[in-house]
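The values are calculated or read from the model by the stated rules, or taken from the named source; none is laboratory data. Bear in mind the structure is a predicted one, so any value in this text is a computation, not a measurement. Here Cβ is always computed from backbone atoms with ideal geometry, including for glycine, and neighbour counts include all displayed protein chains.
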Amino acid sequence: MNRKTALVTGANAGMGRATAKALAQKGYHVIMACRNGQKGKAAMDEIAAETGGSVSLLFCDLGDMESIRKACAAFRDAHQSLDVLINNAGIVPTERAETKHGLEMQFGVNHIGHFLLTKELLPVITQTPDSRIVVVSSLGYRFGNIDFQDIPMKKKYSTMAAYSRSKLCNVLFTKELARRLEGTATTVNCLHPGFVRTTLGMTGDKMTFGRKLNIWFMGWRAPCC
């Protein structure tokens, strides 16, 4: 009855799946927020079998604000507390794309989607003692720049620029939310996960963004964010 609850976005693969599995092993009830129901169900079943833990699935497309609001409403109907929210999901499309609502895809999913998700869940999180919000960012934020005259990046687009901007937004969002929640029972932190082998930014055998980014960072030593 005292089991803590954690919600992890992008939990069907990569860092999200590893995080969900680790939390399940530690006794959390883990809610895996995924946009692909089939892959999410397969990952949920695997994690449940591997850990013997309590795991459930929540459909949520971070590129669709209606989907986010619907997912959060479903969560609030079923849960009265949320101990840990991990904003992990991220995308790196190799070409410019837009969300359902016309936002540049990386900005829309990596930042705005998680912004809305957190906002919608905040009333539940802040009433949960010792709760925490964790935002997965990247050292790539150091190269981010926000052109307020071209938020959609229609005039000038590059995968690196869009990625770095979205990660910068993650950091700025974390710092401001932490400031606003100072003195409450909720802590907010962001992190650089390090160099992790995932499918992020990969397309077939091409040397696409994910590989280029890792190679670039491997040759550049910087202080931790």
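Among the conditions (1) at pLDDT 95 or above; (2) surrounded by fewer than 20 Cβ atoms within 10 Å (Cβ to Cβ), the only one that R142 does not satisfy is (1).
Say we look at the stretch 1-46 and pick out the residues that are of a type in the set (D, E, K, R) and without any contact (Cβ under 8 Å) to a residue 12 or more places away in the chain; which of these is surrounded by the most Cβ atoms within 10 Å (Cβ to Cβ)? Among residues in the stretch 1-46 that are of a type in the set (D, E, K, R) and without any contact (Cβ under 8 Å) to a residue 12 or more places away in the chain, the one surrounded by the most Cβ atoms within 10 Å (Cβ to Cβ) is E46.
For the stretch 96-111, a tally of residues being in contact (Cβ under 8 Å) with a residue 24 or more places away in the chain and either over 26 Å from T187 (Cβ atoms) or touching a strand residue (DSSP E or B) at 6+ places or on another chain (Cβ under 8 Å) (or both) returns 11. Against the definition (in a helix (DSSP H, G or I), under 15 Å from the mean Cα position of the chain (by Cα) and more than 20 Å from I31 (Cα to Cα)), how does F107 come out, yes or no? The answer is yes for F107. Taking the criterion of being hydroxyl-bearing (S, T, Y) and farther than 14 Å from N87 by Cβ, the residues of the stretch 142-172 that qualify are Y157, S158, T159, Y163, S164.
Take the conditions under 23 Å from R17 (Cα atoms) and at pLDDT below 95 and apply them to S137. Does it pass? In short, yes. Taking the condition of being of a type in the set (A, V, I, L, M, F, W, C), in a loop (DSSP other than H, G, I, E, B) and without any contact (Cβ under 8 Å) to a residue 40 or more places away in the chain, how many residues in the stretch 126-165 meet it? Qualifying residue count for the region: 2.
Scanning the stretch 72-84 for residues that are within 19 Å of V134 (Cα to Cα) and out of contact with any Asp or Glu (no Cβ under 6 Å at 6 or more places or on another chain) turns up F75, S81, L82, D83, V84.
Filtering the stretch 71-101 to residues that are in a loop (DSSP other than H, G, I, E, B), small (G, A, S) and closer than 29 Å to S164 by Cα leaves A89, G90, A97. Look through the stretch 1-38, keep the residues that are in a helix (DSSP H, G or I) and basic (K, R), and return whichever of them is farthest from the chain's Cα centre (by Cα). Once the filter is applied, the top-ranked residue is K21.
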